[in-house]
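The next block holds one structure in the form of C-alpha cells; read it before the comments.
Nothing in this text is a laboratory measurement; each read-out follows from the coordinates by a stated rule. The model shown is predicted, which means the values in this text are computed figures rather than measured ones.
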Amino acid sequence: MHLPNPRRAGSLLAAAVLVASLLTACNAAATPSPTPPPDPSALLTQGLAATSKLSGPIDLTLTLDGKLAQSGGATIDVSGSNLTATIDAAGKQGEVTLDLKGVQGATDIKADVRVTGGTAYAQVSPIGATWYSLPLSAAEGLVPSAAPVPSAIPSFDPSTMLAPLLKDPGVKITSGGVQQLDGRDQDVVTVTVAGASVSAWLKQAESMAGTSSVPLPSLPPTMPDIPVTFWLDHASGQLSKVSTTIADGASTLTVALTIKAHGGSVSIQAPPADQTQDASQLLQMLMGAGGNPFASPAP
C-alpha cells in the first residue's frame, strides 16, 4: 500500500484550511447587517405628508361600533353606523352618505349630501324624502365672517402639526411592525395619548371656542388613555386606515376611518328635479326676519 507523503499531506491540509477560511470570510462579508426598524414617529410624519399630497378623487369610510352608556338612561348601541364619502376636489363634486344607528330608537338616521354642478343637495330622513338644493355661492354666505378661532391659524404641514404631539410627555408612539390590510403590506404605528393630555387638549379647545353659539359638552372629571392606530401603505407610504377604541366604564366605542384612491372617474348625479325643493325657503323659516342661525349671539 502506498502511503501519502506526510509533508505533502500537511501542505494539502493547510491549503484546505486556508480556502475554508477565505470562503467563510467572504460569506461573512456578503451577509448584510440587520436593518434597524424604522422610527415610528418618522413613519407617521412621512405617511401623513404623503397622504396630504393626494390629488385624485378619494373614497372615505368611517365606521362606528360599540355601546354608549347614559347616566340614568338606556344604553345606546351605535354598532353598524357608518359614513361614506367620495370626494373629487379637482372636479368640485362629491357625495357623503350617513347611516347612524341607535340614537333614535329602532329607526336609523340617514342622510345623503351631494355636490355637483355648483349646487349642494341634501336629504335627511327625519325631514322626509324631499331633497333640498342650495347653490354653493349661497351656502358660502352662511359662514360667519368672524369665527371664534385662535389668532394664529395653525399650519397644516404634517411635521408642524405633529411637533407638539411628539413632545407631549403624555404621548407614546410605538411600532406595530408590518401587517396586512386588504392584501397589502402596511407599516403600523400606534399613538397612545394619556387621559390627562386628552383632558388638557379639550379644555384648550373649549377656551378657544370663546363665545361660540355652539355649546360644547361638559368634560368628565377623568379621561381614559386613548390608543390611535395608523396603517401606512408600505409601498406608497400613504395613510390607509386609522382607528381607535375608547373604553370608559360601561361605554366602549370603536371608530375606524379608511382612505382609498377612487377607482375610475367620479360622476355625481343630481337628484330628480321633481323631488327637489329650493332650500332657501327652509332657511328663511329658520332664520326668521333676515337673521343667520350660525351667527354668534349679540352681546
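With respect to the cross-link table entries 67/172; 92/172; 67/110; 110/172, which display a Cα-Cα separation exceeding 31 Å?
92/172; 110/172
Using θ = phi - 60° and the Karplus curve 6.51 cos²θ - 1.76 cosθ + 1.60, what whole-Hz ³J(HN,Hα) does each residue of region 194-200 get, with Gly and Pro shown as x?
Along region 194-200, the couplings run 5, x, 5, 5, 4, 4, 5 Hz.
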